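Participant: Provided herewith is a single structure, encoded as structure tokens, for subsequent inquiry.
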Amino acid sequence: MSTAARPAVFLDRDGTINVERDYLDDPSEVELIPGAAEAIRELNVAGFPVVVVTNQSGIARGMFDESRLAEITRRLDELLAARGAKILASYYCPHHPDYGGERYQRVCDCRKPGSGMLEQAAREHGLDLSASWIIGDSLRDLEAGAAVGAHGILVATGKGAEQYAAARARGEAPEDFAADLGAAVRLVLGRT
Ligand SMILES: [Mg+2]
Ligand SMILES: [Zn+2]
């Protein structure tokens, strides 16, 4: 690759792009959070690569398999495409430290708050992680970004409001907290 590394916007999936379902295992249950597709389209227009990084320990837990996850990813891509929005690439961690047998039980570096998925995306797509952003509804998403110097924004959708309140009670509220993906994207675009 001859082009210089470029900044990306990493997005968590569940609770950030689509409605949190507690181990979403059925493509027919993929439902976009209002405004999410439009926000992704704004990032596309601004020229940001948009990369999804999602923990999917439901695989390790035996709740669904990787082919079912692929169907869910296709369904999400279709719903986004219908609104003119595009994800460059999606990465998932199927592991869990306590479940999953020989195939999936491990302490991996891809499960957020680990940063393995971001690092893999950077290698495969020529991304500058320290100039990148990560948006998610969990503090784990922000920790994964912080580990590689990316700037995090917590959204209030999904588990975000609860996560923010808990962090604030510990005196550790994240600096950037946005109502939803649309508001988070406005923060990103206002700063670049
Ligand atoms: Mg989430
Ligand atoms: Zn993993």
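Participant: Is the stretch 6-28 home to any residue that is more than 26 Å from S57 (Cα to Cα) and surrounded by fewer than 22 Cβ atoms within 10 Å (Cβ to Cβ)?
Facilitator: yes
Participant: Can you find even one residue in the stretch 97-105 that is aromatic (F, W, Y) and either without any contact (Cβ under 8 Å) to a residue 24 or more places away in the chain or open to solvent by less than 40 Å² (accessible area, probe 1.4 Å) (or both)?
Facilitator: Checked against the condition, which is being aromatic (F, W, Y) and either without any contact (Cβ under 8 Å) to a residue 24 or more places away in the chain or open to solvent by less than 40 Å² (accessible area, probe 1.4 Å) (or both), the stretch 97-105 yields at least one hit.
Participant: Further question: From the residues in the stretch 65-87 that are within 16 Å of ligand 2 (Cβ to nearest atom) and either under 14 Å from T16 (Cβ atoms) or of a type in the set (D, E) (or both), which one is least open to solvent (accessible area, probe 1.4 Å)?
Facilitator: Here the answer is E66.
Participant: Moving to a separate point now. Out of all the residues in the stretch 48-69, is one or more more than 27 Å from D109 (Cβ to Cβ) and in contact with a Ser or Thr (Cβ under 9 Å, 6 or more places away or on another chain)?
Facilitator: no
Participant: Output the number of residues of the stretch 116-146 satisfying the condition of being away from ligand 1 (no atom under 16 Å from the Cβ) and in a loop (DSSP other than H, G, I, E, B).
Facilitator: 3
Participant: Taking the condition within 25 Å of A37 (Cα to Cα), small (G, A, S), in contact (Cβ under 8 Å) with a residue 40 or more places away in the chain and open to solvent by 40 Å² or more (accessible area, probe 1.4 Å), does S90 pass?
Facilitator: In short, yes.
Participant: Follow-up. Would you mention how many residues in the stretch 137-151 are open to solvent by less than 20 Å² (accessible area, probe 1.4 Å) and more than 16 Å from ligand 2 (Cβ to nearest atom)?
Facilitator: 3
Participant: Which ones in the stretch 106-117 are within 10 Å of ligand 2 (Cβ to nearest atom) and either within 17 Å of the chain's Cα centre (by Cα) or open to solvent by 40 Å² or more (accessible area, probe 1.4 Å) (or both)?
Facilitator: Selection gives R106, V107, D109, C110, R111, K112, G114, G116, M117.
Participant: For a quick check of your reading of the model, give me the residue pairs whose first member lies in the stretch 156-172 and is among the hydrophobic types (A, V, I, L, M, F, W, C), whose second is more than 12 Å from ligand 1 (Cβ to nearest atom), with beta-carbon atoms closer than 8 Å and at least 6 apart or on different chains.
Facilitator: A156/Y164; A156/F177; A156/A178; A156/A179; A156/D180; A167/A173; A167/P174
The values are calculated or read from the model by the stated rules, or taken from the named source; none is laboratory data. In this text the structure is predicted, and so the values were computed from the model without any measurement. Cβ: placed from backbone, ideal geometry, glycine included. Neighbour counts: every protein chain shown. In case anyone asks, the SASA skips ligands and DNA or RNA and just uses the protein heavy atoms, side chains included. Shrake-Rupley method; radii C 1.70, N 1.55, O 1.52, S 1.80 Å.
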